[in-house]
Amino acid sequence: MHQAASLQFERVMDELVLWHAVPEDERSPAPAWWWGPAMAVVDAHEPMRQVWCCELGLGDGSSFAEGAHALLELFAEQTSQPWPDDFPRKADIKQDNVRELHPQPSDDSAFQP
């Protein structure tokens, strides 16, 4: 396995630990930036570190490929991705920061009858 792929996967695993430390109801959705490192090791059959196997809920000696599949499963039911500021915990939106969006006039001039 390429060293860069291994380092990126290690970064994801460090972030996963932080993400799992947040209570589930306060946790952001899994971030899209995990997708690339997971795909980079999806064919790597070398065994992962024991602590990573445990963090992903896999058995000892599981491969990077199995770890990648476990990460990708986190995206299976998601309907949105977090902004970087919303990771690992959902950002609290203060009422002062909420802007009301007003309807804009439409420009139908391109669709003349």
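The values are calculated or read from the model by the stated rules, or taken from the named source; none is laboratory data. All of these numbers come straight from a predicted model, not from anything done at the bench. In this analysis, Cβ positions are derived from the backbone assuming ideal geometry, glycine residues included, and neighbour counts consider all displayed protein chains. Remember, those area values only see protein heavy atoms, side chains included, never the ligands or the DNA or RNA. Shrake-Rupley method; radii C 1.70, N 1.55, O 1.52, S 1.80 Å.
Number of residues in the stretch 1-19 that are β-branched (Val, Ile, Thr) and open to solvent by 40 Å² or more (accessible area, probe 1.4 Å) equals 1. Pairs linking a residue in the stretch 4-25 that is more than 15 Å from GLY57 (Cα to Cα) to a residue that is β-branched (Val, Ile, Thr), with Cβ atoms under 8 Å and 6 or more positions apart or on different chains, are ALA5/VAL41; SER6/VAL41; PHE9/VAL41. Look at the stretch 81-95: where a residue is over 11 Å from TRP19 (Cβ atoms) and a partner is at pLDDT 80 or above and open to solvent by 50 Å² or more (accessible area, probe 1.4 Å), sitting 6+ places away or on another chain with Cβ atoms under 7 Å, you get GLN81/ALA32; LYS90/GLU26.
Among residues of the stretch 20-49 being out of contact with any helix residue (DSSP H, G or I) (no Cβ under 9 Å at 6 or more places or on another chain) and hydrophobic (A, V, I, L, M, F, W, C), the one that is surrounded by the fewest Cβ atoms within 10 Å (Cβ to Cβ) is ALA21.
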